[in-house]
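> Below are the structure tokens for one structure; questions will follow.
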2 protein chains.
Amino acid sequence: LASRREIASTTALLSVVLDRGIPEALGHQLYRRIRELILSGRLAATARLPSTRRLAEDLGVSRTVTLAAYDQLGIEGYIEARRGSGQYVRSLDRTEGSMARQTPPGRKTRAMPASSLHRDRPFDAVAPAWELFPNGAWARSLARGWRREGALAVSYDNWAGLASLRAAIADHLRALQGLNFTAAHVVITAGNTDALQLIAWALATPRAEVWVEDPGHMGARGALRRGGLEVTPVPVDSEGLDVAAGRRLAPGARFALVTPARQFPLGMPLSLPRRIALLDWANERGAVVIEDDYDSEIRFTGRPLASLASLDTGAAVLSIGSFSKLTFPGLRLGYIVGPERLVARLVRAREVAGTPVATTAQPALAEFISGGGFARHLRTLRQEITHRREALIAALRTQLRDEVMILPQEVGMHLTITLSDSVTARTSDEEIAALARTRGLNLEPLSSHPSTAPGPQGFLLGYAAWNLDRLVAGVEELARLLRC
Amino acid sequence: LASRREIASTTALLSVVLDRGIPEALGHQLYRRIRELILSGRLAATARLPSTRRLAEDLGVSRTVTLAAYDQLGIEGYIEARRGSGQYVRSLDRTEGSMARQTPPGRKTRAMPASSLHRDRPFDAVAPAWELFPNGAWARSLARGWRREGALAVSYDNWAGLASLRAAIADHLRALQGLNFTAAHVVITAGNTDALQLIAWALATPRAEVWVEDPGHMGARGALRRGGLEVTPVPVDSEGLDVAAGRRLAPGARFALVTPARQFPLGMPLSLPRRIALLDWANERGAVVIEDDYDSEIRFTGRPLASLASLDTGAAVLSIGSFSKLTFPGLRLGYIVGPERLVARLVRAREVAGTPVATTAQPALAEFISGGGFARHLRTLRQEITHRREALIAALRTQLRDEVMILPQEVGMHLTITLSDSVTARTSDEEIAALARTRGLNLEPLSSHPSTAPGPQGFLLGYAAWNLDRLVAGVEELARLLRC
């Protein structure tokens, strides 16, 4: 039975108009419209929101859209889940909504609001093992690197990134993946989001289509859209991206973004036949394949399949990568490697845009890599991460044998687990995640990743950032959540 | 008499369709469409393009749009100006246009293409005095800052920026402008573009309107648009932004962006009556005023008008600023200061977006400011910049007395000059700038700044990055250009 409050909130929400003609994702539009309704008071505090399924039907959008909007509103503290009874508008500080009302400067000095994403809580899948980062060695690299290259790093001519860092990255990739690249094949980025926006902006004609994996990475899709591309989700199966489906769904696409070493979020590698089919398509169409072998520096068993960039088929392949997860999130340095002609166009586009990647950390990272500090850190990281991973797997097997399945995966800093039917018959990964937030856990539900078809329910469990006790305690808490 | 080539190019260009329904600026759309035509060969090498005026008429857009497009194509080397006869398509390396064609990796190691923006040439208005930056002191600040705060800087909890840097900036602004702010009123940004996008994204409802100065800063307009705002140009007169015109043109606007200390690009300060009128409007409408007192650390004469943020009228004012021009362009650190409630919302939005500002340089800049290194550098900078400015003014007065007028301006790292009628009768600032590029000068024409009405012709002349000999030689070259 719908309460009066719920009817009022549903009426307010049905007034929402989403615009498919603008590049802003529908989920984000919906999030902003609901936030407006809350801030303006049209959605009252404690009002119950319709379910994501019902709202999706009413608005004529997919449930992904409503889930994305509710999730963001939840993260920002505008709404909250109550166990077994759905989502409610939280009561806000009354002055929050008025942009003009202010505390006069200097009278109060309240601290910043505490982080609401809780990246420091298990099992956040993005948090790196930052407490293992060797701060002393980094401080030395900072001073040494700047003394050596500061005069270069202060100048304007760093559109490609510092030559020393580009050379160090080429060496690193040669050792890691056997890629025969030099500094001229590398452009420095501020991370993967920056890399995707730059590629889209520099190489694409407006509204060109790009294949992305479905399910896949929301942030990557957003970056490609902001760069001006039309995103076409292409389903993945047990071998990874379904190239034949891509040819059917978007035959004229000029780009494809794939996670070949380990599909995000499901974890399987792209099979060799699919790799070849993808490169054949790219060759045939003159398309560019973008590969993101994230986490490939951390490998537990087996040998990696050769990266797409190393298969010398003549297809245009750009590999992107980031150092932030291997060091600390504020490093904000990554790279694109690929054919010189494409790299030169990326550099030129960066110059035209006029915003260089920050240079302060570049001489230091070059020095850290070429001086051996990074390799030492990677060894420590691999060892410690292996212990953490094993402890997490053992705890899951002991405590949640019947409730979860661990998907096979050979690399990485998170596990992908799925929920058994006995669990999903009672509840959903989204509901468990909402409840977990109130219990000190940060779970990333599989179904929060954009997907056109309903996929498996489960979680990405990060394990990089916590010691063994904290991981085991986290699994105990998760077990209580899954059983009650 | 139009040649056959020109007719062909005009026909190709008339096929261009611009879409006013998408947020991408029309100038950028046009640039991308023309680039497509060139890369696909539909606009042949050496084809002459129609004039910006004629193309604007044919496409039914303002000349600002065609000028912006041609300018970007020129910078990227797709087209070139030939003296007295307009713009031509340059002959490109034939494989440039094919994304798929590549040099096999590792076979060649050509250097990166040389910078085509020539920020190192007089009178680039963006180039800071980077060669004066004290690299030794900075290397020490890097190591010291990281030893002190590295453990904090590697964590995820830096959405507002490091507390030490926020406090140091609050102190700096108190000393500079008498602003009574503390760390809680400051959020760290990656510079002004980042600041404007964050403000738009975090505080605006989609399609909210923002007043911008006309003429004004193209990059700032782009950042506000990318953040989802509708940009309304409001004319400036001798007192700065015409607030009454803003009320007529966009009565429902929720934001205004102004450069009160020194209007960009014309140089006059916003008068006190206009400041009050602007704040009254903001108070009345619950709007947010964004002020960018760029260059205010460099002042030659007079006392500054009180910043908008320091006028305690209750209106919501956010001040933005950047350290990159006062240090080096790759620093990429700046700030937003304002009422705590707005700042808290900016921080939360940053957290939701999930991309922190790079942290490596933050402890170092905090240490550099609070340890006195930055104040020492500012003194050096002011002294040296004053000499450079005086040398430039003297040379202009000696050599170009009849051709240019220097607009009055009390602060900054560039001069604004206008061309006399005798010059503009024969040529335009755009044409002179195009020619100057072939003579080793980098001139920024006044008419390249977006403006709905035709404004004065002239240049922004940067003088920060060159020694006196180079500046004087630059004026001699400019004199030859203006006289021939």
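The values are calculated or read from the model by the stated rules, or taken from the named source; none is laboratory data. Nothing here was measured: the structure is a model prediction, and the numbers come from that model. Positions of Cβ are backbone-derived with ideal geometry, glycine not excepted, and every protein chain shown enters the neighbour counts. Remember, those area values only see protein heavy atoms, side chains included, never the ligands or the DNA or RNA. Shrake-Rupley method; radii C 1.70, N 1.55, O 1.52, S 1.80 Å.
> Only one of these conditions is not met by A:Leu311: (1) within 9 Å of chain B (Cβ to nearest Cβ); (2) farther than 27 Å from B:Leu365 by Cβ; (3) open to solvent by 30 Å² or more (accessible area, probe 1.4 Å). Which number is it?
That leaves (1) as the condition not met.
> Is at least one residue of the stretch A:172-182 basic (Lys, Arg) and facing chain B (nearest Cβ under 7 Å)? Break it down stepwise before answering.
Within the stretch A:172-182, the first condition is being basic (Lys, Arg), and the residues that meet it are A:174.
Next, from what is left, pick out any that are facing chain B (nearest Cβ under 7 Å): none.
No, that holds for no residue.
> Kindly indicate the residue of the stretch A:314-349 that is of a type in the set (S, T, N, Q) and buried (at least 23 other Cβ atoms within 10 Å of the Cβ) and also nearest to the other protein chains (Cβ to nearest Cβ) among those meeting that condition.
A:Thr327
> Could you tell me how many of the residues in the stretch A:350-365 are at the interface with chain B (Cβ under 8 Å from one of its Cβ atoms), at pLDDT below 95 and in a helix (DSSP H, G or I)?
Result for the stretch A:350-365: 2.
> While we're here: Pick from the stretch B:278-297 the residues that are touching a residue at least 40 places away in the same chain (Cβ under 8 Å) and among the β-branched types (Val, Ile, Thr): which of them is nearest to the other protein chains (Cβ to nearest Cβ)?
Among those residues, the one meeting the criterion is B:Val288.
> I would also like to ask the following. Among the residues of the stretch B:298-308, which ones are open to solvent by 10 Å² or more (accessible area, probe 1.4 Å), touching a residue at least 40 places away in the same chain (Cβ under 8 Å) and part of a loop (DSSP other than H, G, I, E, B)?
Applying the first criterion (open to solvent by 10 Å² or more (accessible area, probe 1.4 Å)) to the stretch B:298-308 yields B:299-306.
Next, from what is left, pick out any that are touching a residue at least 40 places away in the same chain (Cβ under 8 Å): B:299-302, B:304-306.
Result: B:Phe300, B:Thr301, B:Gly302, B:Pro304, B:Leu305, B:Ala306.
> Restricting to the stretch A:416-436, give me the number of residues that are of a type in the set (S, T, N, Q) and open to solvent by 40 Å² or more (accessible area, probe 1.4 Å).
Of the stretch A:416-436, the ones of a type in the set (S, T, N, Q) are A:416, A:418, A:420, A:422, A:424, A:427-428.
Applying the additional criterion that residues be open to solvent by 40 Å² or more (accessible area, probe 1.4 Å) yields A:422, A:424.
Number of matching residues: 2.
> Tell me, yes or no, whether the stretch B:149-167 has at least one residue that is of a type in the set (Lys, Arg) and open to solvent by 40 Å² or more (accessible area, probe 1.4 Å).
No - not one qualifying residue is present in the stretch B:149-167.
> Among the residues of the stretch B:191-202, is any over 19 Å from B:Arg262 (Cα atoms), out of contact with any helix residue (DSSP H, G or I) (no Cβ under 6 Å at 6 or more places or on another chain) and of a type in the set (Val, Ile, Thr)?
The answer is yes; a qualifying residue exists.
> Test of understanding: among B:Arg439, B:Arg388, B:Arg397, B:Arg401, which residue is open to solvent by 20 Å² or more (accessible area, probe 1.4 Å), touching a helix residue (DSSP H, G or I) at 6+ places or on another chain (Cβ under 8 Å) and either closer than 20 Å to B:Val472 by Cα or not in a loop (DSSP other than H, G, I, E, B) (or both)?
Only one candidate qualifies: B:Arg439.
> Among the residues of the stretch A:108-130, write down those that are open to solvent by 20 Å² or more (accessible area, probe 1.4 Å), at pLDDT 85 or above and more than 7 Å from chain B (Cβ to nearest Cβ).
Matches in the stretch A:108-130: A:Arg121, A:Val126.
> Which members of the stretch A:150-166 meet the condition of being under 18 Å from A:Gly373 (Cα atoms) and within 10 Å of another protein chain (Cβ to nearest Cβ)?
Scanning the stretch A:150-166 gives a single hit, A:Arg166.
> Taking the stretch A:221-239 on its own, how many of its residues are in a strand (DSSP E or B) and among the hydroxyl-bearing types (Ser, Thr, Tyr)?
So the answer is 1.
> Just need a number here: residues in the stretch A:381-395 that are in contact with a Leu (Cβ under 8 Å, 6 or more places away or on another chain) and either facing chain B (nearest Cβ under 8 Å) or within 16 Å of A:Ser324 (Cα to Cα) (or both).
The qualifying residues number 1.
> Would you pick out the residues in the stretch A:251-266 that are in a loop (DSSP other than H, G, I, E, B) and crowded, with 19+ Cβ neighbours inside 10 Å?
A:Ala253, A:Arg254, A:Thr259, A:Pro260, A:Ala261, A:Arg262, A:Gln263, A:Phe264, A:Pro265, A:Leu266
> So how many residues does the stretch A:131-148 have that are open to solvent by less than 80 Å² (accessible area, probe 1.4 Å), in contact (Cβ under 8 Å) with a residue 40 or more places away in the chain and assigned to a helix (DSSP H, G or I)?
7
> Could you check A:Leu196 against (1) modelled with pLDDT of 95 or more; (2) surrounded by fewer than 22 Cβ atoms within 10 Å (Cβ to Cβ); (3) under 17 Å from B:Ala353 (Cβ atoms) and say which number it fails?
Among (1) modelled with pLDDT of 95 or more; (2) surrounded by fewer than 22 Cβ atoms within 10 Å (Cβ to Cβ); (3) under 17 Å from B:Ala353 (Cβ atoms), the lone unmet condition for A:Leu196 is (2).
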